[in-house]
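Take a look at the structure set out below.
The values are calculated or read from the model by the stated rules, or taken from the named source; none is laboratory data. For clarity, every value in this text was computed on a predicted model and none was experimentally measured. Glycine gets a Cβ as well: all are built from the backbone with ideal geometry, and neighbour counts include every protein chain shown. Calculation scope for accessible area: heavy atoms of the full protein, side chains included, ligands and nucleic acids excluded. Shrake-Rupley method; radii C 1.70, N 1.55, O 1.52, S 1.80 Å.
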Amino acid sequence: MSAKQPVLDAVIVLAAGRSRRMAGETPKVLKRLAGAPMIAHVIRAVEPLQAHQILCVLPPPPHGTDIHSHIPTTVYVPQDKPLGTADAVSCAVRSLPSLATGAKGDTLILFGDTPLVETTLLRELLAHRHRTDAGLVLAAVHEEPPCDYGRLITNAQGHIERIVEAHNATPEQYALTLNNGGIFVVKTAHLAPLLHAVTQNPKSGEYDLTQIVQHATQKTIPVNYLMADSESLHGVNTLSALAQAESLMQMRLRQRALDNGVQLIDPSTTTLSYDSQFGTQVTLEPHVVIGTNVRIGDRSTIRAFSSIEGAQIDTDATIGPYARIRPSSIIGTHSRIGNFVEIKNARIGKHTNINHLSYIGDATVGDNVNIGAGVITCNYDGKNKHTTIIEDNAFIGSNCALIAPLTIEKKAVVAAGSTLTQDVPSGALGVARCRQKTIPRYKRAP
Ligand code: UD1
Ligand code: CA
C-alpha cells in the first residue's frame, strides 16, 4: 500500500432489515453457507482491510445479539426499526461520531447478504476510488433481467446519474443490464451530507441508500463504478438464491482443494466446508460430505458416501465407504474405519481397524486394535454418558455390546457375541454369552 493511500475509517456492514423474502424465524444473515453464517463470510472478507472499525448494523436484541455472537470482532450497531439501507448506514454514522465530523479517509459500505464477496474485489474498489479521486465508487454487475438488483441509470457520456430499484423501474429501465452490486466506497467527508439528503421512498416507506448516487451527482461529487463479476456479488434474498450461493461457494472450495493437491474423484458430488483442511495426496471419493472443523492428514482416503464433522483424520487412514465420523474424534495414522461405522467423541489409535457396522462413542481405542463387525459401545444409560477404554493390541470379536464404563486392557480378547459389563484384564479372554444348547432330532412345527 502506498503512503498516499487513504485510510479506511470504517467498514459498515448492513445486516438488519426484515428478510421478507425468506421463510422462517432465523435472521437471513445467519443462514449457513459451507458451514458458516453468511455474515461471517462477509466479515472474513473485510477483516484483512484493517479498517479502524468494522461496524455491523444488526436488528435489535435478541436477534441482533445472536448475530453478533458469530462476528465478535465487529462493533454491534442496532437499527431499531428496519427503515431502509440509508437509515441503517445513518445508525452506523451516529454510533461513530468521527465519521460525521471530519474523518479524512474512506468508508466502505457493503451488505451482509452478499456472502461470496472477496477481499481482492474490496481492495480493487478502494484503489479505484483513490486512483480516480471520485467521491463515490460503486461495484456494478452485469445481469440480464429478470433480477431484483437496482438498475444503474447512466447519461449520454456513460456516467452514472442515479440508481432505480427494480420494483420502481419503468419497463425501459427494468430492461437495463447494468446493476448495483451493493458495495459503495465513499469519501467519509461526503457520507453524512449525502445521507442527510435521502428522502423516504413513497412506495416502500424506506430510506434507500441508492439515493445517495443522485444526491452526489446533484452536488457535483464525482461518482463512478467498477465492474465486478456477478458471482462475487450474488445477493441472497430468497432460499433459491441461498441454494445458488451454496453451489457457487462449493465450486470455489472444490477448485481450491484441487489446486492444493486434493484428488476429488467426482468434484460435483463433494461437499466441503469453508474451513476444511487437507494434507497432501488426500483422496475424496464421490458423495463425501466434509462438515466444519475437519482436518485430514497426508495420503488418507475418504471413500464414497462418508460424512465427517469436527474430526481429525491422521495420515494414511481410510474412512468408509458409508462411514460417519462425528465431532471430537481423532482417527490415528494407518487406521481403517469401514462401512456403516459411526465414531463419536472417540480417539482411535494407530493401525486400528473398525471395519463394519459398529458404533464407537465416548471411547479411547489404542493402537493395533481390531474391532469386529457389529460392536457397540453402550455409552448412555439414559441420563449420563460413560467412557469405554480399549487398550493396545486388544481384539474385540463381532457383535459385542460393551457396556460403559468399561476397560479392555492390553492384548485382551473379547469373545464374539459378548455383552460385557466388567473390565477385562490384560491378556485375558472375556466371554459373556449364553452357552449354546443343541437339541438333537428337533422337529420343526408343520
Ligand atoms: C439492495 C439495493 C439494490 C442492489 C442490491 C444488491 C437498496 C435500496 N437496494 O437491494 O440496489 O442491487 O441490494 O444486492 O439498497 N438492511 C438493513 N436495514 C434495513 C434494510 C436492509 O440493514 O432497513 C440490510 C439487509 O440486511 C441486507 C442489505 O441491507 O443485508 C440490503 O437490503 P435488501 O433488502 O436485501 O436490499 P435488496 O432489495 O437486495
Ligand atoms: Ca439483498
- Qualifying residue in the range 129-137 (condition: in the same structural domain as residue 181 (by TED's automatic domain parsing) and either within 16 Å of ligand 2 (Cβ to nearest atom) or closer than 27 Å to residue 18 by Cβ (or both)): yes
- Message: Can you pull out every residue in the range 81-107 that is part of a loop (DSSP other than H, G, I, E, B) and within 10 Å of ligand 1 (Cβ to nearest atom)?
- Response: 81, 82, 83, 84
- Message: Step by step: first the residues of the range 201-227, then only those that are away from ligand 1 (no atom under 11 Å from the Cβ) and touching a residue at least 60 places away in the same chain (Cβ under 8 Å), then the one that is least open to solvent (accessible area, probe 1.4 Å). Which residue is that?
- Response: 216
- Return yes when residue 233 is part of a helix (DSSP H, G or I), within 26 Å of residue 144 (Cα to Cα) and not assigned by TED's automatic domain parsing to the domain that holds residue 99 and no when it is not. no
- Message: Let me confirm something: among 275, 314, which residue is assigned by TED's automatic domain parsing to the domain that holds residue 371 and in contact (Cβ under 8 Å) with a residue 40 or more places away in the chain?
- Response: 275
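A quick yes/no check of all residues on (1) small (Gly, Ala, Ser); (2) assigned by TED's automatic domain parsing to the domain that holds residue 372:
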{"site": "404", "(1), (2)": "yes, yes"}
{"site": "411", "(1), (2)": "no, yes"}
{"site": "414", "(1), (2)": "no, yes"}
{"site": "418", "(1), (2)": "yes, yes"}
{"site": "435", "(1), (2)": "no, no"}
{"site": "438", "(1), (2)": "no, no"}
{"site": "442", "(1), (2)": "no, no"}
{"site": "445", "(1), (2)": "yes, no"}
- Message: One residue is enough: does the range 308-326 have a residue meeting the conditions of a type in the set (Ser, Thr, Tyr), closer than 22 Å to residue 280 by Cα and at pLDDT 95 or above?
- Response: yes
- Only residues in the range 246-262 that are at pLDDT 95 or above and in a loop (DSSP other than H, G, I, E, B) count as the first member; pair them with residues that are of a type in the set (Val, Ile, Thr) and open to solvent by 60 Å² or more (accessible area, probe 1.4 Å), Cβ under 8 angstrom, at least 6 apart or cross-chain, and list the lot. 261/280
- Message: Just to be sure I understand the filter: pairs with C-beta atoms under 9 Å, separated by 6 or more residues or on different chains, first member in the range 427-439 and open to solvent by 100 Å² or more (accessible area, probe 1.4 Å), second member hydrophobic (A, V, I, L, M, F, W, C) and not in a loop (DSSP other than H, G, I, E, B). Which pairs pass?
- Response: 429/413; 429/414
- Can you confirm whether the range 184-204 contains a residue that is within 16 Å of ligand 2 (Cβ to nearest atom), closer than 20 Å to residue 16 by Cα and modelled with pLDDT under 95? yes
- Message: Which condition from (1) within 15 Å of ligand 1 (Cβ to nearest atom); (2) surrounded by 17 or more Cβ atoms within 10 Å (Cβ to Cβ); (3) on the phi < 0 side of the Ramachandran plot is the one that residue 182 breaks?
- Response: (3)
- Counting only residues that are within 16 Å of ligand 2 (Cβ to nearest atom), among the hydrophobic types (A, V, I, L, M, F, W, C) and open to solvent by 10 Å² or more (accessible area, probe 1.4 Å), the range 30-58 contains a total of 1
- Hits in the range 387-416 - residues which are open to solvent by 30 Å² or more (accessible area, probe 1.4 Å) and touching a Lys or Arg at 6+ places or on another chain (Cβ under 7 Å): 391, 392, 393
